[in-house]
Structure formats: C-alpha cells, structure tokens
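The values are calculated or read from the model by the stated rules, or taken from the named source; none is laboratory data. Here the structure is a predicted model, which means the values were calculated and not measured. Here the Cβ is made from the backbone with ideal geometry for all residues, glycine too, and neighbour counts use every protein chain on show.
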Amino acid sequence: MGLGKLAAYIVVGLGLQFVASLAPFREQQHPREIRWDVIGILATLLFFVLYGLTIGGPVAAWVANIDFVSQWHDVVRNGPYWPLVAFNFVLADFINYWAHRLLHSRWFWHTHAWHHAPKHLWWMSGLRGSPVHVLLNILPYTAAYLMCPTTAGGIVGMGVVLLGIANQHWQHSNIRLPYSHQIEWLLVTPRFHFVHHSAAPKFTNSNYGFLTTIWDRMFGTFVDPDTVPLDEPIGLDYENSNTRLLIGLPPDANR
C-alpha cells in the first residue's frame, strides 16, 4: 500500500469514526482493542504486499498471457467501456460473496475467525485478517479482472482498492443511517454487517455481502437486522489466543 492509499485509509476511517460518535446505531459494551487492531492492520498490509509480489503480480501476468486468455481479453476490451467496468464490479462482488461463504465453512473458518474476534466494531477492526483470509478477499478482484478486463485496468484497479478501503471502514463503523431498511434492499449498511459479526452462529452464518445485499437475498442467507437485538453480543463464542487467530490456527487443544 502506497502513501496515498495509506492516507486515504486513515482519512476515511477518521471521518467515519467522527460521524459514528455523533450518530451511533448501538451502544458498544466492550472497549476498543487498539493494540491488536494496529497489529492486525500491519499484518494485513504485509499480506497484501506478499500477494502483490506473487499472485497479484507474476501469477496474474502469466495467466493473462496464456493464448486463449489473451485472445479473450482482446475480445472483451473491444466492448463498451462503462458497462465493462460495472460488470467487473458486479462480478467481483459475486465472487467475493462465495469466497466469504467459503471462509465460513468448517475447512476455512479458523483462517477467518481473527476477523470476527473483536467485540467492538470500528474502522480499525475491519482489516483484521489471517493470510488465507486476505488471499480469499483479494483473489475475487484479481479473478474478476482476468475474466473481464478493461482498457484502463490501472485506474479501475485503483478505484477497486479505494472502494474496498471505504467499504471496509463503512461496514465496521457504528453509524446510524436513516432509511436503513430501504437502503438494505440493495446496499450493505453497518447494521446489516453487524448481524454478521454476532457471536451466535445462526447470525454469523448470514449477511455475507460485501457491497450489495443482492446475493444474500438471492441465495437465502439474508437476515433482516430489524429481527436482531441491538445488544446482541459480537465476537467469537469460544476462546482462542490473538496470536493463533492472527496466523489462522484453531484453539490449542492442549490448553
């Protein structure tokens, strides 16, 4: 992440934190875990860099240069620009929804649990992620671009990064939004994502959407936030050390 992206990350986060202080939608009982949130952010930045040096860079370039992939890209790039950009975003959001559901499967849950560990949601807690979590969160955007590239790939890529930063902060903020119920027919809101961070599996395994709520409604994983109490506990319903969570390991069976 360059200085510009880092500055955007901080500015957007502080802005949303200020708004949340003026108009919170729920009282949070637990204090912020600032030290572990900072550690989580630094670790995630490292995982982002490693992804860019491997899969996001050389591997993606190798795939793009395969003959049939390159020929497909030539066909796609001749299409109308803005519909391609819109389709790229929709495709990435669709793949991200299924990647998120995969992270909640019994095979991958412990690689995702670090993201669900905070008992206080705010903008700095949104980027907690183990290496596998980060991989499965970024890979959909690489896959979408390889399937549906645009002529201005760098600009679109920057747009995706900035949108992802803003949306991560937005989802994990505590902002009370007017007309939330109406907005949630299409877009993810903080209270929609709050349901997903419940400690109760029946709520945790729902509301997987990243940008839109469409896929949750379409595939039966939508839970209306109006049906979930505002004092619903969030976090994990079991104990594990932060170090093991960060790495993506289950609780130590010997403890």
### Message
Just to be sure I understand, how many residues within region 185-207 are assigned to a loop (DSSP other than H, G, I, E, B), in contact with a Leu (Cβ under 9 Å, 6 or more places away or on another chain) and crowded, with 19+ Cβ neighbours inside 10 Å?
### Response
3
### Query
With TRP82, TRP98 as the choices, which residue is of a type in the set (Phe, Trp, Tyr) and either closer than 30 Å to ASP237 by Cβ or part of a loop (DSSP other than H, G, I, E, B) (or both)?
TRP98
#### Entry: Those residues of region 73-95 which are among the β-branched types (Val, Ile, Thr), at pLDDT 85 or above and out of contact with any Pro (no Cβ under 7 Å at 6 or more places or on another chain), in sequence order
VAL75, VAL90
### Close pairs (6 angstrom Cβ cut-off, 6 or more residues apart or separate chains): in contact (Cβ under 8 Å) with a residue 60 or more places away in the chain and among the aliphatic types (A, V, I, L, M) in region 119-143, surrounded by fewer than 20 Cβ atoms within 10 Å (Cβ to Cβ) and in a loop (DSSP other than H, G, I, E, B) anywhere
VAL132/GLY248
### Message
Checking the structure you have, find out if any residue of region 96-104 is surrounded by 15 or more Cβ atoms within 10 Å (Cβ to Cβ) and either modelled with pLDDT under 90 or at positive phi (or both).
### Response
no
### Task
Mind telling me which of the residues GLY159, GLY164 ends up being under 16 Å from the mean Cα position of the chain (by Cα), surrounded by fewer than 17 Cβ atoms within 10 Å (Cβ to Cβ) and either modelled with pLDDT under 85 or of a type in the set (A, V, I, L, M, F, W, C) (or both)?
GLY159
### Residues that are in contact with a Phe, Trp or Tyr (Cβ under 7 Å, 6 or more places away or on another chain) and either within 30 Å of LEU22 (Cα to Cα) or surrounded by fewer than 22 Cβ atoms within 10 Å (Cβ to Cβ) (or both), drawn from region 119-137
LEU121, ARG128, GLY129, PRO131, VAL132, LEU135
### Query
Do we have LEU42 as touching a His at 6+ places or on another chain (Cβ under 6 Å), more than 20 Å from ALA199 (Cβ to Cβ) and either of a type outside the set (D, E, K, R) or not in a helix (DSSP H, G or I) (or both) here?
no
### Summary
Those residues of region 98-126 that are closer than 25 Å to ASP252 by Cβ and out of contact with any strand residue (DSSP E or B) (no Cβ under 9 Å at 6 or more places or on another chain) come to a total of 16
### Query
Out of (1) at pLDDT 90 or above; (2) surrounded by 14 or more Cβ atoms within 10 Å (Cβ to Cβ); (3) part of a helix (DSSP H, G or I), the odd one out for ARG32 is which?
(3)
